[in-house]
Amino acid sequence: MNLHEYQARDILRRHGIPVPPGEVASTPAEARAIAERLGGKVVVKAQVHAGGRGKAGGVKLAKTAAEAETHAKAILGMTIKSLTVQKVLIAPAAEIASESYVGIIVDRASQRPVLMVSPAGGIDIEEVAAKTPDKIHRLAIDPRYGLLPHQALALGFALYGDVKQARAAADIMQKLYGAVYAVGASLAEINPLVTTPDGTVQALDAKISIDDNELERRPDIAALRDVSAEARQEVVAREAGLTFIKLEGNVGCCVNGAGLAMATMDLVKYYGGEPANFLDIGGSSNPQKVVSALRIITGDPNVKAILFNIFGGITRGDDVANGIVQATKEFPLKVPMVIRLTGTNEREGIAILERAGFAALADMDDAVKQAVAKAKGKVA
Ligand code: GDP
Ligand code: MN
């Protein structure tokens, strides 16, 4: 789960990292009122789950409250990486002397949190990583000991020659590491970490992604979810108790069980097709879940054929069949559908499907081959 910058800034602030104050506005008038309250120069920042806002014109400096209102008007409603800006953050503008990068990610290769810092921070950090990787310093942190003061200080000196600034950066790194654990983050980034002309070090941008598996035990963090900023299909799926991941192909897959769903996707690829999604309707039996699943799959304009692959254990064939019949009554399908249905109550399930004019296959290979052919517009 991704957090907005303003939420990430709050977390960093609570952990003692110096971050300028700020407030969120949904209208230009609100933006103006906040700018008036803050006084002086402000920065108006698009709050969307995407980086590169600066380059996209989603971060603008304003000298007056009236100018803040004008910028907010331009930024609100703007699209950045296919996300619509619904909120802007208004914060006092900082004077920048230098921009660095500080980030922590959970790294699968080293199986550790890795701290990365670079004195070449700011909006071109991706380019720095690609072209001059030696400007990025890395440290895999041993979670048994955490980030030790001397390690943090060494990286502080990789950013700043000045002792005071190096110490301030080291302190921020240790606090960032604490924040990562406290909120269950898989990624936490400060870019830019700036120095101001008077020498102070502060965080001007913050990005935090939470490991979804942590949300169950952190309701305060789970409450930060901004449903309006997420992919519509994934929100609907989560609310319906389905595990859904959107992919780029055209074979819409509806499967019971994560393992079978993975195997189905493998087989779709094996027979030359591309899955449009991963979708696990779960082990429980509930026709409503099938209706929700079909609504999500048919809502994807890329889908050219739908493949049901049900191997009933706890899931009952009749429940799935009832779900399919109910769904196709609610919204008639515009693309072909192939159903493979075996296992618990398969006979009842197949009877229900046949009464409604659908055929069911018993063999997974056959079903996948047919679905792939139909997605390509061929008759299998
Ligand atoms: P991003 O492009 O989505 O990463 O958004 P950032 O919040 O990092 O802002 C992009 C750039 O805008 C930063 O690298 C800064 O150069 C600039 N910027 C952001 N906030 C301020 C500020 O308070 N003062 C000044 N002078 N520049 C800022
Ligand atoms: Mn940034």
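Annotations
- Relative to the dominant Cα principal axis of the chain, helix 28-38 is inclined by about 30°.
- Radius 12 Å from Cβ of Asp226, net charge of other residues (Lys, Arg +1; Asp, Glu -1): 0
- Charge tally around Tyr177: other residues with Cβ under 12 Å, Lys/Arg +1 each, Asp/Glu -1 each, net 0.
- Cα point-scatterer Debye curve for region 246-297, base-10 log of I(q)/I(0) at q = 0.22, 0.30, 0.31 Å⁻¹: -0.76, -1.15, -1.19
- Cross-link partners of Lys60 among aspartates and glutamates (Cα-Cα below 18 Å; sequence separation of 8 or more within a chain): Glu5, Glu23, Glu30, Glu36, Glu69, Glu95, Glu99, Asp124, Asp205
- For Val88, net neighbour charge (Lys/Arg +1, Asp/Glu -1) across residues whose Cβ lies under 12 Å away: +2
- Cross-link partners of Lys369 among lysines, defined as those whose alpha carbon lies under 30 angstrom from its own and excluding same-chain residues fewer than eight positions apart: Lys246, Lys269, Lys289, Lys304, Lys329, Lys334, Lys378.
- Of Ala362, Ala68, Ala93, the one that fluctuates the most in a GNM where the chain has Cα springs shorter than 10 Å: Ala362
- Along principal axes, Cα extents of the chain, largest first, whole Å: 78, 49, 38
- This ranking places Phe331, Phe308 by how few other beta-carbon atoms lie within 10 Å of each, fewest first, which gives Phe331, Phe308.
Computed from the coordinates by the stated procedures, all read-outs in this text should not be read as laboratory data. Quantities reported herein were computed from a predicted structural model and do not represent experimental measurements. Ideal geometry is used to build each Cβ from the backbone, glycine not excepted, and the neighbour counts take in all protein chains shown.
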